[in-house]
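Comments concern the structure below.
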Amino acid sequence: MTKFHTMGLSDNTLTAISKKGYDEPTPIQERVIPRLLSGENNVIGQAQTGTGKTAAFGIPLIEKLEEKEKYVQALVLTPTRELAVQVCEEIDSLKGRKKLNLLSVYGGVSIGNQIRALKRKIDIVVGTPGRIIDHLNRGTLDISKIKYLVIDEADEMLDMGFIEDVETIISQTNKEKQILMFSATMPARVVSLARKHMGKFEIISTVEENKKNLTVESAKQIYYVVSESDKTELLSRVIDMDDDFYGLVFTRTKVQSEEVANELIKRGYEAEALNGDVSQYQRERILSKFKNRHVKILIATDVAARGIDIDNLKYVINYSLPQNPENYVHRIGRTARAGNEGVAITFVTPSEKRKFFFIKNASNASIKEHKIPNTKEIINVKVEKIKEEIKSSISKDTEPIYEILAEKILEETDKDPVDIISSILKHFYSGALEKKNYKPISQIKNSGNRQDKRLFVALGRNNKMSPKKLAEYIEKETGIHKTNMKDIRVLDNFSFITVPYEKGEAILETFKRKASSRKPLVVLAKTTKDEKRKNNMNYVKN
């Protein structure tokens, strides 16, 4: 297994790495660092958050930049202020005794302090596109001689509408620079940006390793089938099932993040919403409260959650379904870090099942369906918590005044001690153990229906298909192993194939996405009258 000391790094850098407790490089570091140290090629690195991307480009920068230069040697672009600060701090912690000066620049704070700092010798500038352009327009930042341009979280940079800003910044750099781009996903827009500005480039992807490490091996993954209107009630039950709940809840929109947070607050939970409408001051305040566990529930959108890096995060909850498998892996990669246990929970509405099974299959994740916790289970959890709290607080060193008070209560009432204690508990826990605190959740009919699916494929013998070739074709297109396919019938112009329920849903969604505006190559086969009658009989029996 590769070690940092076998990568040709200087003693200074190795010492800095050792002090941080690192020994073995992560997959993205193992593959990127040697290329950046030895070559001049432009590189796109694809890896999920939390896999060490910053060190993957930060270590080579430290190794290759010169001391005592009088100009900015490297520029790192990040989509958010938090990420700019984190990247700057991470690189600074890796430089050891090498005399390199770093500065993070971003909006929402005084530009004057940044201007004064830039007048001093700065080797590496890390910043957000908007504030970088502010400095370029003011003439307070010169990037015409940089040796390296790093575009971090490129996919989010484009999603947040920074494409024009990034291209404006690139236009003011020299042609001799090396460009390094890092992205969690690889949409067409990222590749298009690379082709336009990077010339010859190499793509280094560790997505498969990341999927295995971040989903299958680390976090426990479960899902609930629930109607949209019952999601907040389910979220409340999930929170109450763990007296040490500490989690990040993902919603699709800004409005939804605020609605969910407000509803939780109304129910007595300490929660905060984080989205693009939050000011920089509020954002820093909210993140500080969350990281210090003063608030244990953070409701956020994908974009707003960029830059949040917490090792001891216990839960990630997909209140809204991620858009694609990459986003799923990216979200849940925030839990189960640094050897800690973590749980990833996804809420799936009946209409989202097909999309969910596609995500499950494509991300190679083992996600098990759980029954929604009922009120009895939640109350039992609370009872155990209260019981343990009381038992741990019982002491022989009780103040005499409390003993006197207890004796007087027993003397002056004719109630049984159990009745007295129960009254005291009810008074001090103010109805926390009552069922009426929870609203009923609708039961989703047929959520357990897992009958095999019969699929129609618009390919047949005239397309040179045989049962074997058809199974191999579907496996190649969907990643679903051909052993899942049975009853394959190949006719002249079309074919039929039978697969397990979840695999069928994943196959249908895959070909739907590939078809775009055209009719999918694979669709659900029409059910015959005999099959309908058989299914109805089975339904009655059950």
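Summary of values
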{"read-out": "Count - residues of the stretch 395-410 that are of a type in the set (D, E, K, R), part of a helix (DSSP H, G or I) and surrounded by fewer than 10 Cβ atoms within 10 Å (Cβ to Cβ)", "value": "0"}
{"read-out": "Within the stretch 274-303, tally of residues that are of a type outside the set (S, T, Y) and within 23 Å of N324 (Cα to Cα)", "value": "8"}
{"read-out": "Enumerated helices (runs of 4 or more DSSP H) restricted to the stretch 411-515, each holding at least 3 residues that are within 32 Å of the chain's Cα centre (by Cα) and over 30 Å from L264 (Cα atoms)", "value": "467-478, 501-515"}
{"read-out": "In the stretch 247-283, the residues that are among the hydroxyl-bearing types (S, T, Y) and touching a Leu at 6+ places or on another chain (Cβ under 8 Å)", "value": "S257"}
{"read-out": "Residue within the stretch 235-242 that is free of Cβ contacts under 8 Å to residues at least 40 places away in the same chain and touching a helix residue (DSSP H, G or I) at 6+ places or on another chain (Cβ under 6 Å) present", "value": "no"}
{"read-out": "Qualifying residues in the stretch 40-66 (those that are farther than 17 Å from G8 by Cβ and free of Cβ contacts under 8 Å to residues at least 40 places away in the same chain) - the one surrounded by the most Cβ atoms within 10 Å (Cβ to Cβ)", "value": "G52"}
{"read-out": "So E69, is it among the acidic types (D, E), at pLDDT below 95 and either more than 18 Å from I151 (Cα to Cα) or crowded, with 22+ Cβ neighbours inside 10 Å (or both)", "value": "yes"}
{"read-out": "From L118, L100, residue being over 29 Å from I163 (Cβ atoms) and either free of Cβ contacts under 8 Å to residues at least 40 places away in the same chain or surrounded by 22 or more Cβ atoms within 10 Å (Cβ to Cβ) (or both)", "value": "L100"}
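The values are calculated or read from the model by the stated rules, or taken from the named source; none is laboratory data. All figures in this text were calculated on a predicted structure; none of them were measured in a lab. Cβ atoms come from the backbone with ideal geometry, glycine included; neighbour counts cover every protein chain shown.
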